[in-house]
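Would you mind keeping the following structure in view while I ask a few things?
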Amino acid sequence: MSKICQISGKTANNGYKISHSNIKTKKLQHVNLHTKKVWSVKQNRWIKLKISTKVIKSLYKNKL
C-alpha cells in the first residue's frame, strides 16, 4: 500500500535533515495516515479509508 491520502491525494514531501555541522542529507516527510471507517450515505455502508489527520479533522468539522 502506498503512503497517499485517499481523499486529499497528499503524498510525501522532500526535505533535508540538517546536522549540527550544517551537513544536509535528503529525507522524506511522510503524511500522517490513519485507517478510518467512514459511513457512506450513497452506498449506505461503512468504508475503510487511509486518510490523513488533517482530512479527519475536516470531516468532523464539516460533519460528513
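Within the chain, what whole-number % of the accessible surface is contributed by carbon and sulfur, with the 1.4 Å probe and all protein chains included in the calculation?
Roughly 54 percent, rounded to a whole number.
State which entries of LYS3/LYS26; LYS3/LYS36; LYS26/LYS48 exceed 26 angstrom in Cα-Cα distance in the structure shown.
Violating the 26 Å limit, Cα to Cα: LYS26/LYS48.
If Lys and Arg each add +1 and Asp and Glu each add -1, what is the summed charge of the other residues whose beta carbon sits under 14 Å from the beta carbon of TYR16?
Net charge in that neighbourhood comes out at +4.
With a cut-off of 8 Å between alpha carbons and a minimum separation of six or more residues, what is the relative contact order of the chain in percent?
Relative contact order comes out at 30 percent.
Tilt of helix 53-62 relative to the longest C-alpha principal axis of the chain, in degrees (0 to 90, nearest 10)?
With rounding to tens, the tilt is 40 degrees.
Under a 1.4 Å probe, what is the accessible area of the chain per residue, stated in Å²?
Accessible surface, normalised per residue, equals 89 Å².
The values are calculated or read from the model by the stated rules, or taken from the named source; none is laboratory data. The shown structure was predicted, so the numbers you read here are calculated from the model rather than taken from an experiment. Please note: Cβ atoms are built from the backbone with ideal geometry, for glycine as well, and neighbour counts cover all protein chains shown. Side chains included, ligands, DNA and RNA excluded: accessible areas come from the protein's heavy atoms. Shrake-Rupley method; radii C 1.70, N 1.55, O 1.52, S 1.80 Å.
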